[in-house]
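Just below is one structure, and these are the notes that go with it.
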Amino acid sequence: MTVRTRFAPSPTGNVHIGNIRAAIYNWLYARHEGGQFLLRIEDTDRERSTPEAVQAVLNSMNWLGLNFDETPVYQSTQLAAHLAAAEKLLAGGQAYKLDKGGAGKGECIMFKMPGTDMAFHDEIKGDLRKAAKDLPDFVIVRSNGTPVFHLGNVVDDIDMNITHIIRGDDHVENTFRHVAIFQALGAPIPKYAHLPMIVNAQGKPYSKRDGDAYVGEFREKGYLPEALFNYLVLLGWSPGDDREVLVRDELIRLFDFSRVQSSPAQMDMRKLQWMNGEYMKVLPSTLRSEQCRAVLQTRGLWHDGISADYFDQVLNVMGERIRLFTDVADQAGYFFTDNYPYDEKSVQKRLKKEGASESLAAIREAFAGLEVFTAESTDKALHAVAEQKGIHPGELVHPVRVAVSGTAAGPSLFPMLEVLGKNRVLARIDQTLKQFFA
RNA sequence: GACCCCAUCGUCUAGAGGCCUAGGACACCAGGUUUUCAUCCUGGUAACACGAGUUCGAAUCUCGUUGGGGUCGCCA
């Protein structure tokens, strides 16, 4: 029998990182086994389900490359099947009608638990059991005639021939109920795997307040889907050796429940960033520049005057300093606007110094006289000035860097000057002289 | 509160009784390279929650304690 897994999100907002990891594990396992990965939208909570939220789910999955097989099932269309199952249970005596009273709600349909102790095997947690007294009957159809989650969930899983249910830890308790329904309906019981939760930096469950918890936010912050995918897989699973940067095909080949952790894991944004850098290193340059340009556009730093050649040079000179796409705006914005901010600390350290203005002025003169303005020629010119003034080249390098970029950190100075070009460099030195030494 | 689950460096983890004076990665610190930053190289700090057992021997097995988490809806 071929393995069939599913991701069954309820579309009620953004896609949480914990949910998407469950989706990833479902996807990985199905691909590992050569089976199918299905999508079911559990949109029966009419109050909260919105088309936008459904689209958010689809977007997140698509971004991460979680392709699904077959047509997605919208749970709201399965109402008749759910109610038919309830009728069957009623007819078989495994369910009964009851007026639980209160607020004049009328009769609902209760599922009758077997009345015995229950147990099921979890692929990650091992054997889980529960005493009969802790397994009370529960509502499967509301008094208004609509099916409850437990019923719909199980009926749909039967309908979709799901063989493995991989979901969050928070469903462990539900599983006893679900197993009972499978049995009552005469359906084979799927295998279960409950994933530990992902907690925030305080070790607490993620809440709305925690940023970074939604898939879309990682995308906006400039992360690569491959990096997030790799990182998330490693959050709760390891291949058993020391490898960490594993491409998708390797993950598919290696993934296995026996190596899934059973304790909760914390996100470490710094490690995620490191991993993103690893993937950034091997990203084809056309994709890299496409994404970088998109960031500049949304930040309002892009304009038509930026030539493809200039843009290429900037990205080239920035090199591996761009670990996130947003770094191009955060660290290299001065390449795209003359109105760049001066970093206060850098100014204090490199400009507000004895002789800095004279040095800048001297360099400006030397640069102005250059016929060709390249990394080599500016390098030569700067060293000549240093020698002439009898100072260390660094005394000139640093002020020039801060003058033309506003910051003390950045690419090698001379290649950077070449990219900026003579006109810009001279104008920026003038501007700096005027602003800080006038 | 009841029931269930979990517990190795700051974080993610390796470890399925002797290979563990506990390994790797990120982060951090120090040094080297780089006239800045980053990269890169070298080195370093840092953990088996606690207590009893079982055993010749326990991070690994058992029990307890403590701490954390999940669930207890006519939400999903």
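The values are calculated or read from the model by the stated rules, or taken from the named source; none is laboratory data. Remember, predicted model here, so these are calculated numbers, not experimental data. Note: ideal-geometry Cβ built from the backbone for every residue, glycine included; neighbour counts use all protein chains shown.
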ask   = Limited to segment A:392-408, what total is found for residues that are more than 10 Å from RNA strand B (Cβ to nearest atom) and at negative phi?
value = 4
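Residues are listed down the side, and each one gets a yes or a no for (1) in the same structural domain as residue A:37 (by TED's automatic domain parsing); (2) free of Cβ contacts under 8 Å to residues at least 60 places away in the same chain; (3) assigned to a helix (DSSP H, G or I):
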| residue | (1), (2), (3) |
| --- | --- |
| A:157 | no, no, yes |
| A:162 | no, no, no |
| A:165 | no, no, no |
| A:170 | no, yes, yes |
query = Out of all the residues in segment A:157-171, which are buried (at least 20 other Cβ atoms within 10 Å of the Cβ) and either among the acidic types (Asp, Glu) or near RNA strand B (Cβ under 8 Å from one of its atoms) (or both)?
reply = A:157
Failed item, numbered, when residue A:84 is tested on (1) within 16 Å of RNA strand B (Cβ to nearest atom); (2) modelled with pLDDT of 95 or more; (3) more than 28 Å from the chain's Cα centre (by Cα) = (1)
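Within the group A:317, A:295, which residue is among the β-branched types (Val, Ile, Thr) and either within 16 Å of RNA strand B (Cβ to nearest atom) or closer than 30 Å to residue A:169 by Cα (or both)?
Details: A:295 fails: either within 16 Å of RNA strand B (Cβ to nearest atom) or closer than 30 Å to residue A:169 by Cα (or both).
Just a single option satisfies the conditions, and that option is A:317.
Among the residues of segment A:288-311, write down those that are assigned to a helix (DSSP H, G or I) and not polar (S, T, N, Q).
If we filter segment A:288-311 for residues that are assigned to a helix (DSSP H, G or I), which is where we start, we get A:288-298, A:308-311.
Matches in segment A:288-311: A:288, A:290, A:292, A:293, A:294, A:295, A:296, A:308, A:309, A:310, A:311.
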ask   = In segment A:344-384, how many are of a type in the set (Gly, Ala, Ser) and buried (at least 16 other Cβ atoms within 10 Å of the Cβ)?
value = 9
message = Residues that are free of Cβ contacts under 8 Å to residues at least 12 places away in the same chain: list the helices (runs of 4 or more DSSP H) wholly contained in segment A:1-98 that include at least 1 such residues.
response = A:51-63, A:79-91
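Matching residues to (1) more than 29 Å from residue A:259 (Cβ to Cβ); (2) within 12 Å of RNA strand B (Cβ to nearest atom):
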residue	(1), (2)
A:6	no, no
A:11	yes, yes
A:15	no, no
A:19	no, yes
A:27	no, no
A:38	no, no
A:45	yes, yes
A:49	yes, yes
A:54	yes, no
key: Any hit, segment A:400-412, residues being hydroxyl-bearing (Ser, Thr, Tyr), within 15 Å of residue A:332 (Cα to Cα) and surrounded by 15 or more Cβ atoms within 10 Å (Cβ to Cβ)   = yes
ask   = Can you name the condition, by its number, that residue A:174 falls short on among (1) part of a strand (DSSP E or B); (2) near RNA strand B (Cβ under 8 Å from one of its atoms)?
value = (1)
key: Criterion (part of a helix (DSSP H, G or I), aliphatic (A, V, I, L, M), within 15 Å of RNA strand B (Cβ to nearest atom) and over 39 Å from the mean Cα position of the chain (by Cα)) met by exactly one of A:433, A:426, A:382   = A:382
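Do you know which of the residues in segment A:312-339 that are among the charged types (D, E, K, R) and in a helix (DSSP H, G or I) is surrounded by the most Cβ atoms within 10 Å (Cβ to Cβ)? Let's see the steps before the verdict.
First pass over segment A:312-339, keeping only residues among the charged types (D, E, K, R): A:312, A:320-321, A:323, A:327, A:330, A:338.
Now narrow it down to the ones that are in a helix (DSSP H, G or I): A:312, A:320-321, A:327, A:330.
Details: A:312: 13, A:320: 8, A:321: 14, A:327: 19, A:330: 13.
The qualifying residue surrounded by the most Cβ atoms within 10 Å (Cβ to Cβ) is A:327.
Give the residues of segment A:134-148 that are outside any loop (DSSP other than H, G, I, E, B), under 20 Å from residue A:106 (Cβ atoms) and within 7 Å of RNA strand B (Cβ to nearest atom), sorted by residue number. Please lay out each step first, then the result.
To start, the set of residues in segment A:134-148 that are outside any loop (DSSP other than H, G, I, E, B) comprises A:134, A:138-141, A:147.
Among the residues that remain, those that are also under 20 Å from residue A:106 (Cβ atoms) are: A:138-141, A:147.
Hits for segment A:134-148 are A:138, A:139.
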task = Quick one: count up the residues across segment A:118-155 that are loosely packed, with under 13 Cβ neighbours inside 10 Å and acidic (Asp, Glu).
result = 2
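Name every residue in segment A:177-194 that is under 32 Å from the mean Cα position of the chain (by Cα), not basic (Lys, Arg) and not in a loop (DSSP other than H, G, I, E, B), in order of residue number.
Here is the first cut: in segment A:177-194, the ones under 32 Å from the mean Cα position of the chain (by Cα) are A:178, A:190-194.
Now narrow it down to the ones that are not basic (Lys, Arg): A:178, A:190, A:192-194.
Correct list: A:178, A:192, A:193, A:194.
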Extreme residue, surrounded by the most Cβ atoms within 10 Å (Cβ to Cβ), among residues of segment A:265-287 that are more than 6 Å from RNA strand B (Cβ to nearest atom) and not in a helix (DSSP H, G or I) = A:267
request  = State whether one or more residues within segment A:252-263 are outside any loop (DSSP other than H, G, I, E, B), in contact (Cβ under 8 Å) with a residue 24 or more places away in the chain, away from RNA strand B (no atom under 11 Å from the Cβ) and not assigned by TED's automatic domain parsing to the domain that holds residue A:227.
outcome  = no
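Just to be sure before I move on: is residue A:372 within 24 Å of residue A:311 (Cα to Cα) and away from RNA strand B (no atom under 16 Å from the Cβ) in the structure I sent?
Values: within 24 Å of residue A:311 (Cα to Cα): yes; away from RNA strand B (no atom under 16 Å from the Cβ): yes.
Spelling it out, residue A:372 is indeed within 24 Å of residue A:311 (Cα to Cα) and away from RNA strand B (no atom under 16 Å from the Cβ).
Answer with yes or no whether residue A:363 is within 13 Å of RNA strand B (Cβ to nearest atom), in a helix (DSSP H, G or I) and in contact with a helix residue (DSSP H, G or I) (Cβ under 9 Å, 6 or more places away or on another chain). Steps first, please.
Numbers: within 13 Å of RNA strand B (Cβ to nearest atom): yes; in a helix (DSSP H, G or I): yes; in contact with a helix residue (DSSP H, G or I) (Cβ under 9 Å, 6 or more places away or on another chain): yes.
Considered against the rule, which asks whether it is within 13 Å of RNA strand B (Cβ to nearest atom), in a helix (DSSP H, G or I) and in contact with a helix residue (DSSP H, G or I) (Cβ under 9 Å, 6 or more places away or on another chain), residue A:363 comes out as yes.
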request  = Filter segment A:87-109 down to residues that are of a type in the set (A, V, I, L, M) and more than 9 Å from RNA strand B (Cβ to nearest atom) and give me whichever is surrounded by the fewest Cβ atoms within 10 Å (Cβ to Cβ).
outcome  = A:91
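Just a yes or no: is a residue in segment A:421-430 surrounded by fewer than 20 Cβ atoms within 10 Å (Cβ to Cβ), at pLDDT below 90, among the small types (Gly, Ala, Ser) and outside the structural domain of residue A:307 (by TED's automatic domain parsing)? Working first, answer last.
As a first pass, look at segment A:421-430 and keep what is surrounded by fewer than 20 Cβ atoms within 10 Å (Cβ to Cβ): A:421-424, A:426-427, A:430.
Pick out the ones that are also at pLDDT below 90 and you get none.
Taking every residue of segment A:421-430 in turn, none turns out to be surrounded by fewer than 20 Cβ atoms within 10 Å (Cβ to Cβ), at pLDDT below 90, among the small types (Gly, Ala, Ser) and outside the structural domain of residue A:307 (by TED's automatic domain parsing).
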